[in-house]
Amino acid sequence: MANLLLQDPFSVLKEYPERLTQTFDTPLHTCCVQFSPGGDYLAMGCSNGAVIIYDMDTGKPITMLGNKGGGHVRSIQSIQWSQNGRYILTGARDWFVKMWDLQKAWEPAKEFKFHSPIWTCNWSPGKELGCVVTVYEEDHAFAVDFSLENPTATKICGSTERMNKSEAESEENVKTLDYGYTLVACVHPKRPDILITGTSKGWIKLYRLSDDLVELVHTYRFAHSNAKHMIISQSGDRLAINSADRTIRQYLLTMNDDLTEISFILEYRYQDVINRLQWNCIHFSNNSAEYLVASTHGSSAHDLYLWETSTGTLVRVLEGTDEELLDIDWDFHSMCIASNGLETGNVYIWSITIPPKWSALAPDFEEVEENIEYREKEDEFDQIGQLAHQQELDQAEEVKIDLRSMEKFDVRGNEIDVNRFIIPIEFESILMLKSWHNENE
Amino acid sequence: MAQFQLLGCLKQARESTVPHTTAKLSPDGQHVALCEETDIEIYNVKGQTEVSLSTLHSRPLSDLCWSPDSQCIATASDDFTVIITHVKYGELHRLVGHTAPVTALKYTSKGNLLCSCSMDESIKIWDTLTGTLLRTLSAHSEPVVSIDIPLFDSSILSSGSYDGLIRIFDTATGHCLKTLTYDKDWQSENGVVPISQVKFSQNGKFLLVKSLDGILKIWDFVRGKVVRTFVSEQSKSLRYSCGMDFLYSADETLDPIVVSGTENGEIVCWDSQTKRTVQRIQGKHADSPVMDISCNGSLMCSISLNGECNLWKWSAN
Amino acid sequence: MATPPLPAPGEEVFCICRKPDSGELMVGCDGCDDWFHFACLAIPEKYHELVFSFYCPRCQAGETGPAAEGGDERARALPRTMWRRKCRVGDCFKPVAATSQYCGEDHARAYWRALVERTDEPARDHLRHMLQEPDVAHFQRLGQGPPRSPPPGSEAVLAGDGLLQELAAQLHGLRTRDRPLLDAHSTRLAAYGEWVRAANQHLFSGGDGGDDRGDKTASARARPKRKRPAKPQALCGYRADLEPPCAPERFAVEFQAAPADEVRGVCARLRCARHLDWAGIQHSALQFQRETLDSSEHRLALLLELRRDQLRLQLYKKLGQDARADTQPVH
């Protein structure tokens, strides 16, 4: 945004946050966090099923999803904002996946109930209001269609895959593999028809989804333990899997257009070689994912680790908290990282701090790094004719100016979407609070 | 060529009433709100009075600002306070903190922040949900009389002060990012020319500035250069801070129009690109200074000190 | 001590008049235990119910009674006759009821009725309006906000306001639609919970049912099933539609005949991690809905009140303006 144009470019263009700048001391215990697409809001899923939205401008909560009914009643497992910032998808341990329309955030717009707790839910970009859900003890992920009046869930199961294991056992001549339960899923950002899932037995499965056909086009075994998280870069060519064997594996994912050649090339493995800690959560930086950030499991570690993905080296440890950190989200617009603490449920924000530029207070001043010996320039005190000066000013007024068209990208390369959804202010809650204050005075 | 056509007179001038300084079109383009002593009068654009809302201000109002959802109106008063009034339910918040009359108000496009500036030389940023003060920016040495925030970019805030400086602030940190000032030859004999109003272009790349002498300039504020100058006639008295605004017509190929009110009751319109005068409205407002100009879509609302408020539409003959 | 007159032989005498009891109204002194005629002490007889503690003139002067008998400082203070508070109605000399200013409900009404009758006509409307206020807390808050009594024409304004109607409709919907639905759901869940309990009882407490699974008791115990902890053995019992599929006895029989993970759509696993806490989740959801319903009612009531206040305020203002316009000369 325009403030970035007026600040020190070296500070602005730093690629990752450096310092803990804010702590949200939330009344409820936060389990997962996600920024809205423009970084305006932060959604926090809580252990009692509440989802609270914080306004990043004011640092205060502005709404609670379902405050007129229909909220979750068990801990939130997964939160996702839609691209335009108007809808939120939540999955919880109370077996529900709910879709919220922030225009009417007081009750869920649509919901679907599974028969066991939800692991993850993701929007599928290929389909309007469609999403992919992974559910406890299910072999396959589900596609839920929220565009319908009564949402439906269909198993995402390749036409060549067996529907269930018992069937496979009975037909011994059909060679099938037990991939385990599907735990995580992500949709390819550049190819909305491609869904990648990770299973409890260490398999990555790559599906191609079309309107009436689901194909399992590729499988790859990354380890012999279950996948905890799987992330894919915005560019779609980098994939990272956090698995229960205490390792984060970073792959280069290449595929041709008709998906006949797909390869996962292991680039780096990130492990804590000393303490052998598990990783709680992982997150990529924007565009081609030059950085990877992870939180560590266990009470001894309180930091986030940040690696450069091109070299696999640790470049930064984000410190400042004194408890174990769980979920991570990264807002690329204001370059900040949010993570929630395990014990207190507070949310911590790391960001870039740009020092004030005092020279900005006077119009003709310039800040210099160190003292420069003054030497008069050749033309410094030359008298420019009144006429020449006026001509220069006049010329400046001849140049065409554009007062209409908007900037498309900010200086960090993020898309600026002026139509990003704005959550309506809840006047009713202001009035309620006021009357509550009056009564208690 | 399109011109302003008078749609109607919302309010007639009345003798011996308090000065009128503000009338604003609502963001949804359906209403006009103006101040009458300590009350807010709301008209619909068809010209009918809709409602008169009382505020609990104790002194007259100097400015008002609609919230972006057109549901609330914030009012700035000489009693040092700002009150946010919900059109349907009444008062929501009273913002106390300024130590001198409040001069102007501006909501961010998200409606979550309200900025106010005051004769106490400070700018304050308030949280509209809780009614609490978030931060105070003190960076002028004279009363701050105008503030603006770009429509789609609330990361910056510009302010104009009687100290003759235009500053750009970072709304999130409160740091001053840039200072614009006219060259030294712009100083009149009595010192600097006070700034009377600042207004961002819709895309947030340029800043239209009016000084108390009635001259308007468009700044490329990132580069710190004046790119357009509009002069109707010099105001010698330096008494009234007359209104101005950009008018963005629906046709996206056309450049916006700069609309400005003068001390003697005229409204002058220029093409922002060519600087050509496209219209000069005379014979309305009875020689009373046009204190506020508010544009939304093709509609324009003007109010003069004597209380006459007119509604105009930009349309082809 | 003054010499008392001689008493008639065999007769007890009382009072300052030293006469025997002739059936006249008397009051007993709390100090000297003598009795006194109302008439002799010039106390109106109608006060007789108002006496709280009576001391005769002698005791009050300290000649007899507690002050004369001595003792500590407090006992030597001269006693005084104490009276009960009388009813507020002028000609009623009954003592007031507890925590009241009246002898009873009837006189409270009578008093206020008289007061209203005395009030002049315009004020009487306001008074009546105030007295009709059903909510005590609200009555006590009267005067803190804008006037309650509607200005003329407010009925039409209130009835014509779209927002008010919408809010009222929402409130109506909550009360007549949402709450009964919630109650119905609640009953259904309770009934199904009962069915699961019954089925489990048939299976495991009857003696023969649980035998084949007895070895799994330990593992089943740790599972938090329903509200009762440490139930020795129980099936998960989750069924998607929460409707009992058949009689519990029949279910038990069917399950024993052919144990499976699912019988008639009911999850029949002993250790079921998948449906863990299904009943708890349902209860929480109901509880949550009930709480939000309550707060919604509260909120709507508040909004209605605020909107009404706002409309009345505007109407008052308009009336005031019109009145001013009428008095001003037309230019």
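Within straight-line reach of A:Lys201, meaning a Cα separation under 17 Å, sit the following lysines at least 8 residues removed in sequence or on another chain: A:Lys165, A:Lys228.
For peptide A:394-407, the mean count of partner chain Cβ atoms within 10 Å of a residue's Cβ comes to 6.
Across all Cα atoms of segment A:199-308, the radius of gyration (one decimal) and Dmax (whole number) stand at 15.0, 50 Å.
With the dipole of the protein assembly as shown worked out from charges on the C-beta (+1 for Lys and Arg, -1 for Asp and Glu) around the Cα centre, which of A:Tyr181, C:Ala190, A:Thr353 lies farthest toward the positive end? So the residue we want is C:Ala190. Using a simple spin-label model with pseudo-atoms 7 Å out from Cα toward Cβ, A:Val315 and A:Gln103 lie 4.1 nm apart. Shown here is the pair-distance distribution of the protein assembly as shown: with all Cα-Cα distances grouped in 10 Å bins from zero up to the longest one, the shares run 2, 8, 13, 16, 15, 13, 11, 8, 6, 4, 2, 1, 0, 0, 0 percent.
Work out the FRET efficiency for A:Ala362 and B:Arg276 from their Cβ-Cβ distance, taking R0 = 45 Å, and round it to the nearest 0.05. The formula returns an efficiency of 0.80 here. What is the percent of Cα-Cα separations in chain A that go past 28 Å? Value for chain A (Cα pairs over 28 Å): 57 percent. In the protein assembly as shown, a dipole from Cβ-located charges (positive for Lys and Arg, negative for Asp and Glu) runs towards its positive end, and of A:Asn256, A:Leu403, A:Leu13 it is A:Asn256 whose Cα lies farthest in that direction. With 0.36 nm allotted per residue and the present C-alpha distance subtracted, the C:Glu155-C:Ala168 stretch has 3.2 nm of extension available.
Loop-resident trypsin sites (Lys or Arg not before Pro) (DSSP state other than H, G, I, E or B) in segment B:231-297 with no more than 15 further Cβ atoms inside 10 Å of their Cβ: B:Lys236, B:Arg239, B:Lys275, B:Arg276. Between the beta carbons of C:Ala98 and C:Leu127, assuming R0 = 30 Å, the FRET efficiency works out to 0.65 to the nearest 0.05. With Cα atoms as the point set, segment A:246-358 shows a radius of gyration and Dmax of 16.2, 59 Å.
How much length, in nm to one decimal, is gained on full extension between A:Asp8 and A:Val217, taken as 0.36 nm per residue of separation minus their Cα-Cα distance?
On the way: separation 209, 0.36 × 209 = 75.24 nm, distance 4.84 nm.
Net length gain for the segment: 70.4 nm.
Charge dipole of the protein assembly as shown (Cα centre as origin; +1 on each Lys and Arg Cβ, -1 on each Asp and Glu Cβ, all else neutral): 2920 debye, rounded to the nearest 20. Neighbour counting of Cβ atoms within 10 Å sorts the residues C:Leu319, A:Leu206, fewest neighbours leading, into C:Leu319, A:Leu206.
Derived from the Cα gyration tensor, the three semi-axes of the equivalent ellipsoid of segment B:21-241 are 28, 19, 17 Å, largest first.
With respect to chain A, whose longest principal axis is taken over its alpha-carbon atoms, helix A:427-439 is tilted by about 90°. Using alpha carbon centroids, what distance separates segment A:1-58 and segment A:304-373, in Å? Going from one Cα centre to the other spans 12 Å.
Find, to one decimal place in angstroms, the Kirkwood hydrodynamic radius of segment B:239-317, where the mean of 1/r is taken over every pair of different Cα atoms and then inverted. Provide the component values of the computation, followed by the final result.
Working: mean 1/r = 0.0797 Å⁻¹.
It works out to 12.5 Å.
Within chain A, the longest run free of chymotrypsin sites (Phe, Trp or Tyr not before Pro) that sit in a DSSP loop with at most 15 other Cβ atoms within 10 Å is A:1-364. When the C-alpha to C-alpha distance is required to be over 25 Å, the pairs from B:Lys210/B:Lys275; B:Lys11/B:Lys205; B:Lys275/B:Lys313; B:Lys24/B:Lys205; B:Lys88/B:Lys110; A:Lys68/A:Lys127 that qualify are B:Lys11/B:Lys205; A:Lys68/A:Lys127. Here the spin labels are modelled as points 7 Å beyond Cα on the Cα-Cβ line, and at A:Glu343 and A:Glu392 they lie 6.3 nm apart.
For the pair C:Lys318 and B:Met1, a Förster radius of 41 Å applied to the C-beta separation gives a FRET efficiency near 0.40, rounded to the nearest 0.05.
Fewest neighbouring Cβ atoms within 10 Å first, the residues A:His72, A:His283, C:His283 line up as C:His283, A:His283, A:His72. Pairs from the list A:Lys434/C:Lys317; A:Lys60/A:Lys434; A:Lys14/B:Lys178; A:Lys60/A:Lys190; A:Lys98/A:Lys190 with a Cα-Cα gap above 28 Å: A:Lys60/A:Lys190. For peptide C:284-296, compute the average count of partner chain beta-carbon atoms within 10 Å of each residue's beta-carbon. Counting Cβ atoms of other protein chains within 10 Å of each residue's Cβ and averaging gives 4. Karplus-derived 3J(HN,Hα) values for segment A:221-234, using 6.51 cos²θ - 1.76 cosθ + 1.60 with θ = phi - 60°, are 9, 9, 6, 9, 10, 7, 7, 9, 9, 9, 10, 10, 6, 4 Hz; glycine and proline are entered as x.
Comparing Cα centroids, segment A:388-423 and segment C:262-304 end up 54 angstrom apart. Listing A:Asp410, A:Asp257, A:Asp8 from fewest to most neighbouring C-beta atoms within 10 Å gives A:Asp257, A:Asp8, A:Asp410. Rounded to the nearest 10 degrees, the angle from helix A:386-396 to the longest Cα principal axis of chain A is 20 degrees.
Note on segment A:19-163: Cα Rg divided by 2.2 N^0.38 Å, N the number of residues, gives 1.06.
All of the numbers you see were taken from the coordinates with simple rules; none came from a lab. Remember, predicted model here, so these are calculated numbers, not experimental data. Quick reminder, even Gly has a Cβ in these numbers, built from the backbone with ideal geometry, and neighbours come from all protein chains shown.
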